[in-house]
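This report concerns only the one structure given below.
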Amino acid sequence: MSISTITAARIMKGQLKGKLGEEEKLSFESFPYVSLAKTYTTDKQVPDSAATATALQCGVKSKYFTVGVDDSIIFEQCSSVEKAKVESILKWAADAGKSTGFVTTARVTHATPAPLYAHSASRKWEYDAIIPVGERACKDIAAQLVEDYPENDTIFLNPAPGQREDGKNLIDDWMDLKRRAGNQPVFVADKSTLARVDAATADCLMGMKQLYRDKGWIC
């Protein structure tokens, strides 16, 4: 949010309480530390959520429409990805021995959560069929979540229906990978199944509607 947006929100919050407004505080203004951030990409003044999420979650500025990579990336060029990869806060936490996961109301492969686990020359490459044929040496974002991110212990997601061309059911693949690693994965499809999960025996958790699992939709 910009300074003007925060100011307007603060005044409105106060006025809704019958005050003048300027003397009110937003919740985060009571934090012990407050900082300012410049929101831009290295190639545009107005950024998108892929590059800004990369900056927030990985600590580096990058190029517009790219995910989990630094400024050396070339947009939509698969061959430039490997050297441009950067680690995220989830990787740092996992390396420190912490359990990790994320919850999203957006698509699990959307630009905002994707930099936590993926590296892509385009935020659009959410599943294999959408990647140009000449660039398919790179994994799509959904496949990276399952195959390249072993720290994904907990995922509650809203998948994007997309027909994969490789025939994979990524949800079943995730369950199999966890079992082969010696873990006990649990799939929950609704609130009642979540309530029955035994935290003492469940090592990993994935949640989504059963319909999506049947179709193999992570994306």
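Could you check the range 200-218 and list, in sequence order, the residues that are surrounded by fewer than 13 Cβ atoms within 10 Å (Cβ to Cβ) and either touching a Lys or Arg at 6+ places or on another chain (Cβ under 7 Å) or modelled with pLDDT of 85 or more (or both)? Break it down into steps so the answer makes sense when it comes.
Let us first name the residues in the range 200-218 that are surrounded by fewer than 13 Cβ atoms within 10 Å (Cβ to Cβ), namely 200-201, 210-211, 214.
Hits for the range 200-218 are Ala200, Thr201.
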- Task: Report, ordered by the first and then the second residue, all pairs with beta carbons closer than 8 Å, sequence separation of six or more or different chains, a first member in the range 109-126 that is farther than 15 Å from Tyr64 by Cβ, and a second member that is assigned to a loop (DSSP other than H, G, I, E, B) and hydrophobic (A, V, I, L, M, F, W, C).
- Result: Thr109/Ala118; Thr109/Ala160; Thr109/Ile218; Thr109/Cys219; His110/Ala160; His119/Val86; Glu126/Ala160; Glu126/Cys219
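Can you tell me how many residues in the range 10-32 are part of a loop (DSSP other than H, G, I, E, B), open to solvent by 80 Å² or more (accessible area, probe 1.4 Å) and of a type outside the set (D, E, K, R)? So that I can check it myself, show each step before the final result.
So the first thing to find is which residues in the range 10-32 are part of a loop (DSSP other than H, G, I, E, B), and the list is 17-26, 31-32.
From what's left, open to solvent by 80 Å² or more (accessible area, probe 1.4 Å): 17, 19-20, 22-23, 25, 31-32.
Now restrict to residues that are of a type outside the set (D, E, K, R): 20, 31-32.
Final tally of qualifying residues: 3.
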- Query: Lys63 is checked against (1) among the basic types (Lys, Arg); (2) part of a loop (DSSP other than H, G, I, E, B); (3) farther than 30 Å from Ile6 by Cβ and fails just one. What number does that condition carry?
  - Reply: (3)
- Message: Could you check the range 41-60 and list, in sequence order, the residues that are in a helix (DSSP H, G or I) and within 23 Å of Gly134 (Cβ to Cβ)?
- Response: Ala50
- Task: For Ser35, state whether it is at pLDDT 95 or above and either in a loop (DSSP other than H, G, I, E, B) or open to solvent by less than 60 Å² (accessible area, probe 1.4 Å) (or both).
- Result: no
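The values are calculated or read from the model by the stated rules, or taken from the named source; none is laboratory data. Bear in mind the structure is a predicted one, so any value in this text is a computation, not a measurement. So basically every Cβ, Gly included, is an ideal-geometry build from the backbone, and we count neighbours across all protein chains shown. Surface areas here come from the heavy atoms of the whole protein model, side chains and all, with no ligands, DNA or RNA. Shrake-Rupley method; radii C 1.70, N 1.55, O 1.52, S 1.80 Å.
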